[in-house]
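Since the structure comes first, as structure tokens, the remarks are kept for the end.
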Amino acid sequence: MKSTPLATLLLPLLTPVLTGQDAAGPVDVPLQPTLPEATGTSRFGEPVVVNGKQISDLEIMRFLLYGKGRGGVESRKMEVLLDQEWQLRAFMQQTAILEEDFDGKALEDLSAEDQATVKASVDAHMSQFEYSPEELEERIAAERRSFVERYPTLDYQREIERTYKSWDWYISQIEQTLKFDSMFFPGEAANWPDVTREAVHAGSPAFDLIEDYDKAYKLRVQKWRDDRGATEVQLLQTEYGGRTRAALTDDERTALDAAVNLEHGSFEPREDEMMMSLLRDFVIGTLTDPNIVTVQNKTDGVTGEYLLTLTGGGYEAKIETLDAWQEFEKDFTAEDIAEAKQFLALQVAVTDQLQADGILMPWSEFSDLLSQTKQSLSGGMFSFDFLALQGHNFPSMECYNDYLYLMESYRRSIIDEVSLDENFNLRPAMQEYLPIGTGIMGLAKVKAEALLVSAFDFPNNRWKENGWETAKAKADELRTRVDKHIDDLIAEDEQRRIAIQEGLDFESQVQPFDQFWADLLDLHSDYWDPPLPATGKMPAMVGMKFKGRFNGEAQTRNDLKRALNESTYSHYLYDENVVDEVFFALEEGQVGGPYKGPWGYYVVYVVQKLRPTQPVNYRDERQLGLLQEDYLRRTFGSYAHAALKAAEVSGL
């Protein structure tokens, strides 16, 4: 069969996979997550109404599906692309057969017998790109065995759900990966389709990764066959009395094959995952090339009925919000829904306040700013998406874009107060903020230990029933115990002073505070670290909690923020900020809290405080910009929650 140009392969000539109305393009007004009028009903309990506008169920669904449900949404998007690719290849193969064997006639002009022949030929050709369900089962079983061997005390499915959010999403990801690899990397490189070869060459023009892959493939498969053969010979000797395979009964041969398959797998081993991730990225980059396929979401003006639209080459596919929700809703908790309501209520209240203040920017202006920002970060160390999702910990890019739109509108109101005065000095508001900015940018450090009384059951990966109320009561009780112990130490110091004055011996009866605190952490802190593996390579200790002792070293404000599981997103969402209470309000040796945070209530002991090591020069343009950005985020958070407090709100 002739080689087909890449551009042709990527122009689907098929009917849409999903149907629905056309997606909107960029708009000049923000998309409000509300119904035109309050209905008084919601599938999510009491409806949330802000300033007379009801948060729509579709927008609650979209918030969750874009965020914690992203794995399922991305799986659906990839399924659309794979289905289009599959049908396109079948169409191209059918066209080639009709041209070569039937003088280019249309399929419907052939006899029923010839049509069946063409279909059978197409099916035979396409079978080389199929994966086996047995391979999926074998891979899942192998991963389970490996996990149980390394972590015998952990529940496999629970830990999968901790990582992937859902067991079904995990299975779907493995299945889709097998499907993808079978379609684009079937066996040795000579069997790869043109789209794969061209994508890999374009992605790595300086190195022939295809040749490297092919060499590794042949060595890997040969070793697998040799190992299988050696194991079979060994089993024939040890389990079957030295008989040959031919001398075994059918049942014995089946048992022998099962034993060999259990040891080595019944399918050719696939390439190392690191290499495959790179190769997949090349192909996915081609499949989703914006010059060929346009993917749009809420930020692009897609209305609430849909999550994504994909268009290109004469086809259009839409992923419907309600359809996706019905598949994934079992994977969201009541806490997830409450989070969605909180964010969307803030969005409505702040939008209304910005409009009332006359500073809400046109959406088209923000869209241009967004494009410029992404372009300025492209090719750098950190992409726009990385900063939003990993740096600020927003659940989705759609969520971050909504937040950024409102914050950039608010920026207009503080231009004067964040700029330098005529003498190039900070204005009063920024002068007041400067000690905080200096602590952050000047790399001040705090060694803090946090006793977490959690509303979340970490070992079992679920929220506790009445967890927040129970955690608050226990945290208050523990803080009372801490205060009593401090009072006892103070009283004992006074007794010691008097005894020394009178020349009497004095024996301490009160446990030293550091020892008391260490025992309290060990007994009551709910921070949880998974057990170390029983076999294999030990994981890095980075990120381990050690009951709230963290790494045992003084940390910068941003490092401590991450250790406490806080983020820009959590600070904005709930107007709760444990790290700054610890970092700026407490002195060395003090205990603070209980503070409400992302997982429960925190009682924190400041062991050590280190002053900033680097001065902040606000006359330096870059440093001034960093000061202004942090000030902007802080004051915008206060503005947002003041707007929510001032709004007429029900249902939160």
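The values are calculated or read from the model by the stated rules, or taken from the named source; none is laboratory data. From a predicted model like this one, the values you see are computed outputs, not experimental measurements. Cβ placement follows ideal geometry from the backbone for every residue including glycine, while neighbour counts extend to all protein chains displayed. Note: areas computed on protein heavy atoms with side chains; ligands, DNA, RNA excluded. Shrake-Rupley method; radii C 1.70, N 1.55, O 1.52, S 1.80 Å.
Annotations for the structure displayed:
- The residues listed here are Ser409, Ser376, Ser367, Ser383; of these, the one that is open to solvent by less than 40 Å² (accessible area, probe 1.4 Å) and farther than 19 Å from Val302 by Cβ is Ser409.
- Boolean, Arg139 is surrounded by 14 or more Cβ atoms within 10 Å (Cβ to Cβ), touching a residue at least 60 places away in the same chain (Cβ under 8 Å) and more than 30 Å from Glu339 (Cα to Cα): no
- Members of region 461-488 that are within 32 Å of the chain's Cα centre (by Cα) and open to solvent by less than 50 Å² (accessible area, probe 1.4 Å): Asn461, Gly467, Ala471, Ala475
- Listed here are the helices (runs of 4 or more DSSP H) enclosed by region 338-442 that have at least 3 residues being farther than 24 Å from Asp580 by Cβ: 363-377, 397-411.
- Extreme residue, modelled with the lowest pLDDT, among residues of region 307-360 that are open to solvent by less than 60 Å² (accessible area, probe 1.4 Å) and of a type in the set (Lys, Arg): Lys318
- Evaluation of Ala247 against the conditions (1) small (Gly, Ala, Ser); (2) open to solvent by 40 Å² or more (accessible area, probe 1.4 Å); (3) within 30 Å of Pro193 (Cα to Cα) shows that the sole unmet condition is (3).
- Only a single item in (1) surrounded by 17 or more Cβ atoms within 10 Å (Cβ to Cβ); (2) more than 22 Å from the chain's Cα centre (by Cα) is not met by Ile160, and it is number (2).
- A single member of Glu74, Glu85, Glu79 is out of contact with any strand residue (DSSP E or B) (no Cβ under 8 Å at 6 or more places or on another chain), without any contact (Cβ under 8 Å) to a residue 60 or more places away in the chain and either buried (at least 20 other Cβ atoms within 10 Å of the Cβ) or farther than 15 Å from Gln342 by Cβ (or both), and it is Glu74.
- Any chance Asp416 is of a type in the set (Asp, Glu) and open to solvent by 50 Å² or more (accessible area, probe 1.4 Å): yes
- In the condition set (1) surrounded by 12 or more Cβ atoms within 10 Å (Cβ to Cβ); (2) without any contact (Cβ under 8 Å) to a residue 60 or more places away in the chain; (3) under 30 Å from Thr196 (Cβ atoms), Gly265 is compliant with all but (2).
- Only a single criterion out of (1) farther than 28 Å from Ala258 by Cα; (2) within 34 Å of the chain's Cα centre (by Cα) is not satisfied by Glu108, namely (2).
- Residue match in region 215-234 (condition: open to solvent by less than 50 Å² (accessible area, probe 1.4 Å), within 30 Å of Asp289 (Cβ to Cβ), at pLDDT below 95 and assigned to a helix (DSSP H, G or I)): yes
- Any hit, region 505-515, residues being of a type in the set (S, T, N, Q) and touching a His at 6+ places or on another chain (Cβ under 9 Å): yes
- Any pair with Cβ under 8 angstrom, 6 or more apart, that starts in region 221-243 at a residue that is in contact (Cβ under 8 Å) with a residue 40 or more places away in the chain and ends at one that is open to solvent by 50 Å² or more (accessible area, probe 1.4 Å) and assigned to a helix (DSSP H, G or I): Trp224/His264
- Subset tally (residues that are of a type in the set (A, V, I, L, M), touching a Phe, Trp or Tyr at 6+ places or on another chain (Cβ under 7 Å) and closer than 25 Å to Ser75 by Cβ) for region 172-194: 2
- Region 419-446, residues that are open to solvent by less than 70 Å² (accessible area, probe 1.4 Å) and acidic (Asp, Glu): Asp421
- So Val446, is it assigned to a strand (DSSP E or B) and either over 28 Å from Tyr164 (Cβ atoms) or without any contact (Cβ under 8 Å) to a residue 12 or more places away in the chain (or both): yes
- Residue within region 115-124 that is in a helix (DSSP H, G or I) and either within 30 Å of Phe458 (Cα to Cα) or in contact with a Pro (Cβ under 6 Å, 6 or more places away or on another chain) (or both) present: no
- Filter result (open to solvent by less than 30 Å² (accessible area, probe 1.4 Å) and of a type outside the set (A, V, I, L, M)) within region 607-634: Gly625, Asp630, Tyr631
- Comparison of Ala540, Ala563, Ala491 shows that the only residue that is over 28 Å from Leu644 (Cα atoms), in contact with a helix residue (DSSP H, G or I) (Cβ under 9 Å, 6 or more places away or on another chain) and of a type in the set (A, V, I, L, M, F, W, C) is Ala563.
- Scanning region 250-262 for residues that are open to solvent by 60 Å² or more (accessible area, probe 1.4 Å) and among the hydrophobic types (A, V, I, L, M, F, W, C) returns a single hit, Leu262.
- Positions within region 71-99 being closer than 21 Å to Ala324 by Cβ and among the polar types (S, T, N, Q), in sequence order: Ser75, Gln84
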